[in-house]
Amino acid sequence: MKTIRTRADLAIHGAPPAFVEPLHVGSPNLVGRETFMSLVEGIYGRRWLTNNGPLVQEFERRIAERLGVKHCVAMCNGTLALEIAIRALGLEGEVIVPSWTFVATAHALHWQGITPVFADIDPATHNLDPEAVRRMITPRTTGIIGVHLWGRAAPIDELQALADEHGLKLMFDAAHAFGSTWHGVPIGRFGACEVLSFHATKAFNTMEGGAVVTDDDELAEAMRLMRNFGFQGYDNVVHPGTNGKMIEVCAAMGLANLEGFDRIVDANRRNHAAYQRALQGTPGIKLIDYSPGESNSYHYVVIEIEDQFGASRDELVAALQAENILVRRYFWPGSHQMRPYRDLFPHARLLLPNTCELAEKVLVLPNGMGLPESAPSFIASVANALVAG
Ligand code: T4K
């Protein structure tokens, strides 16, 4: 790896890039290869590929057991799982969501003719600000979707109190929160239900996949019907539905990766600590931290670039990308600035000052089992050289 001594060593100023192959945010964690291969052998033997196969059932059982919930309904991805959960809960009219999240949270509502109403966040936590949520409640509001951004718990108690006070349904987008706890309780157990994503880029992946977890028997039953066209046995359709099924090969990947999940978290935690050490001497770069009293997958290495840094967030992005370190500006510019929402709600930003401010400051750095050991200190050296006089 090249050493950065002066600005002239930066790829952005013409020097060769540090990495030949790009270093991605979200490079998949792959563990348990032998388990995966042997489970796939079994799929060949059984000729059972999808439609609630034995591996999907085993996967659901293991996830439910790990989180301590009654039901895990596995789906083909997190977005379909959100859509099905929203429909099964009977949400309609307006539903309050953060803008500061992956756009799938809002899309899952809009796709079904429900209006996502964006509420602002607390800049300290990046999660919904309950007072901002309160301000967005109208007679058309039927629910709230809290997002546990970066796997850090949304303000669960406050949102539940608001939902109870106004007769609203509360569910959580827990796409980032597999492996997280809140007051020591696994995330997955809060609200009416919680939705997980197991996309390739998540700490724990099933290639593509998602699930809704809940203790509610009726809700789980409705979602099981909905993910399979509403079929109850052969020829008997009893519910409107779609195709949200997880396939056997994805469940095999999930079972294999579950075996190695603790190793993934250990690697992420070590990398996060290395970033903390490397960046602590750089004024104006703040690494968001995880509560030592809670579990978290430490998957997201999120920094905020303050004015004090001496260059803009986007200048740092350009410098790192030139080195082939493909850092991401998640979730710039905020869902409210994406289509169709920017056209539907052109003034939404006026009610989202914290979201707008954060969107200009945040940067997500690469992490995961494949992260080169030298990456955190190299990234810090690029940042330091960029602003050196
Ligand atoms: N709610 C929240 C809060 C979410 O963050 C997400 C998903 C959802 C709901 C919806 O869940 P899913 O329907 O996705 O299950 C990525 C992911 O596609 C998305 O799952 C994730 N959040 C979001 C935060 O990030 P993109 O479009 O920004 O990145 P993508 O998929 O192009 O991947 C990022 C980089 O990772 C690539 O540049 C290359 C690398 N990569 C990717 C894949 C797929 C690999 O190295 N190997 C791979 O197989 O959305």
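The values are calculated or read from the model by the stated rules, or taken from the named source; none is laboratory data. These figures come from a predicted structure and were not determined experimentally. As a convention, Cβ positions derive from the backbone with ideal geometry for all residues, glycine included, and neighbour counts pool all protein chains shown. For accessibility, only protein heavy atoms count, side chains too; no ligands or nucleic acids. Shrake-Rupley method; radii C 1.70, N 1.55, O 1.52, S 1.80 Å.
Close contacts from the stretch 11-35, counting a first residue that is β-branched (Val, Ile, Thr) and a second that is within 15 Å of the ligand (Cβ to nearest atom), with Cβ to Cβ under 6 Å and a gap of 6+ residues or different chains, come to Val25/Arg328; Val25/Val364; Val25/Pro366; Val31/Asn257.
When the criteria are applied in full, Ile43 fails the requirement of being out of contact with any Gly (no Cβ under 6 Å at 6 or more places or on another chain) and under 29 Å from Gly191 (Cβ atoms). Please verify whether the stretch 103-110 includes one or more residues that are over 30 Å from Ala319 (Cα atoms), within 15 Å of the ligand (Cβ to nearest atom), open to solvent by 40 Å² or more (accessible area, probe 1.4 Å) and in contact (Cβ under 8 Å) with a residue 12 or more places away in the chain. Checked the stretch 103-110: at least one residue is over 30 Å from Ala319 (Cα atoms), within 15 Å of the ligand (Cβ to nearest atom), open to solvent by 40 Å² or more (accessible area, probe 1.4 Å) and in contact (Cβ under 8 Å) with a residue 12 or more places away in the chain.
Using the structure shown, decide if Asn52 is polar (S, T, N, Q) and within 12 Å of the ligand (Cβ to nearest atom). Taking the combined requirement at face value, the residue does not satisfy it. Please specify each residue of the stretch 144-197 satisfying the condition of being of a type in the set (Lys, Arg) and more than 16 Å from Val212 (Cα to Cα). Hit for the stretch 144-197 is Arg152, nothing else. If only residues of the stretch 18-29 that are open to solvent by less than 70 Å² (accessible area, probe 1.4 Å) and in a loop (DSSP other than H, G, I, E, B) are counted, the one that is farthest from the ligand (Cβ to nearest atom) is Ala18. Yes or no: the stretch 42-57 includes at least one residue that is open to solvent by less than 40 Å² (accessible area, probe 1.4 Å), of a type in the set (Phe, Trp, Tyr) and over 30 Å from Glu315 (Cα atoms). No, the stretch 42-57 contains no residue that is open to solvent by less than 40 Å² (accessible area, probe 1.4 Å), of a type in the set (Phe, Trp, Tyr) and over 30 Å from Glu315 (Cα atoms). Scanning the stretch 234-264 for residues that are farther than 25 Å from Ile86 by Cα and within 19 Å of the chain's Cα centre (by Cα) yields Met253, Asn257, Leu258, Phe261, Asp262, Ile264. For the stretch 151-170, the count of residues that are in a strand (DSSP E or B), farther than 26 Å from Val364 by Cβ and more than 12 Å from the ligand (Cβ to nearest atom) is at least one. Residue-level analysis places Ala64 outside the set of residues that are in contact with a strand residue (DSSP E or B) (Cβ under 9 Å, 6 or more places away or on another chain) and within 16 Å of the ligand (Cβ to nearest atom). The residue of the stretch 198-233 that is nearest to the chain's Cα centre (by Cα), among those that are β-branched (Val, Ile, Thr) and either part of a helix (DSSP H, G or I) or under 30 Å from Leu371 (Cβ atoms) (or both), is Thr201.
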